[in-house]
Amino acid sequence: MKEITKAVIPVAGFGTRLLPVTKSQPKEMLPIVDKPAVQYAVEEAVQSGMKDILFITGRGKRAIEDYFDYAIELEQELELKGKTELLESVKKVSEMVNIFYVRQKIAKGLGDAVHHAKGFVNEEPFGVILADDIIDSPEPCLHQMKELYQKFTGLMLAVMKIPLSSSNMYGIVDAKKISDRVYEVNSLIEKPEPIEAPSNLAIIGRYILTNNIFAALEGTNAGKGGEVQLTDAINKTLIKEKVYAYEFEGIRYDVGDKVGYIKANIALALKRKDFGKEIKEFIAKIIEEA
Ligand code: UTP
């Protein structure tokens, strides 16, 4: 069994749901408490045993590359002022893992973005993390999926149960339960209306894919929303390989959406040992006064 050590993080999307702030600022760099959203994705990859990470980036996303690079002047300044703790936190980010970049010149959709990872992953199975989805869990979500991949070899999609009324915001699977939290997928459909949705199991931004996905993507045209959809390509791999849906353990925040973004900040701030209590008291006070 091949060890999964590579992760792909696509960050080339426009982030229109968060406009206007994303007009000149990558959504992946927006802070969730005191770290940019993308750092949560990288930390999850590292904690899941990933050695190499590929960012699929695009125009206007340079801030992400700078963030994971050394910041020589800033580091010198912090050193001079003896701010060791801050210096360590800044340096740590640049030294977490090997990071590679490839540009998606036109944002044609998530499927097209993942297609750009072909040379990077070669023959190996690989993880995909969408930085929009922050998953708060004791065991990193991708690690849970990696463990399961040892038992159920095939493509693996993280799923969660959603209210059927919101099925048109997600990729939905038609699947049969085969074990605790694990489903075998028969087909997938991108953003179906509730009446067409085969289940209430929605695909969330964590995947384990194999190189079969690239052949499938080659023949995949733009689908829903005029975008090359990863779900359409995964559907095509079903004739070659099994696809499993895994109901992950943890709480997922969609930080690519305004409400989800605010919820993530509140929930993760409340968990902080250094100021969680103060935030809790503040929230209680403003609710009482409202
Ligand atoms: P989303 O559809 O959530 O991201 O894609 P978006 O397009 O940036 O957001 P909205 O809908 O306009 O607000 C899921 C992930 O896939 C990446 C995005 O950066 C996001 O992390 N993506 C999407 C690409 O890398 N390339 C694309 O062409 C589309």
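Taking the conditions exactly as written (assigned to a helix (DSSP H, G or I) and either in contact with a Pro (Cβ under 7 Å, 6 or more places away or on another chain) or hydroxyl-bearing (Ser, Thr, Tyr) (or both)), does Tyr246 satisfy them or not? No, not satisfied.
Here the condition is being more than 20 Å from the chain's Cα centre (by Cα) and either away from the ligand (no atom under 12 Å from the Cβ) or not basic (Lys, Arg) (or both); of Ile72, Ile32, Ile9, Ile99, it holds for Ile72 alone.
Checked against the criterion of being surrounded by 15 or more Cβ atoms within 10 Å (Cβ to Cβ) and within 14 Å of Tyr170 (Cβ to Cβ), region 206-222 has at least one qualifying residue. Residues that are at pLDDT 95 or above, under 11 Å from Asp132 (Cβ atoms) and buried (at least 24 other Cβ atoms within 10 Å of the Cβ) within region 2-22 comprise Ile9, Pro10, Val11, listed in sequence order. Within region 150-168, the set of residues being surrounded by 12 or more Cβ atoms within 10 Å (Cβ to Cβ) and modelled with pLDDT of 95 or more comprises Leu155, Met156, Leu157, Ala158, Val159, Met160, Ile162, Leu164, Ser166, Ser167, Asn168. Residue check: Gly256 meets all listed conditions (1) under 16 Å from the mean Cα position of the chain (by Cα); (2) loosely packed, with under 13 Cβ neighbours inside 10 Å but one, namely (2). Restricting Val114, Val128, Val93 to residues that are surrounded by 14 or more Cβ atoms within 10 Å (Cβ to Cβ), hydrophobic (A, V, I, L, M, F, W, C), under 17 Å from the mean Cα position of the chain (by Cα) and in a helix (DSSP H, G or I) narrows the list to Val114. Suppose we keep only residues that are under 18 Å from the mean Cα position of the chain (by Cα) and part of a helix (DSSP H, G or I) within region 214-232. Which one would you say is farthest from the ligand (Cβ to nearest atom)? Step by step, filter region 214-232, then rank; the result is Thr231.
The values are calculated or read from the model by the stated rules, or taken from the named source; none is laboratory data. Everything numeric here is computed off the predicted structure, so don't read it as measured data. Because the Cβ atoms are built from the backbone with ideal geometry, glycine has one as well, and the counts that use them run over all protein chains shown.
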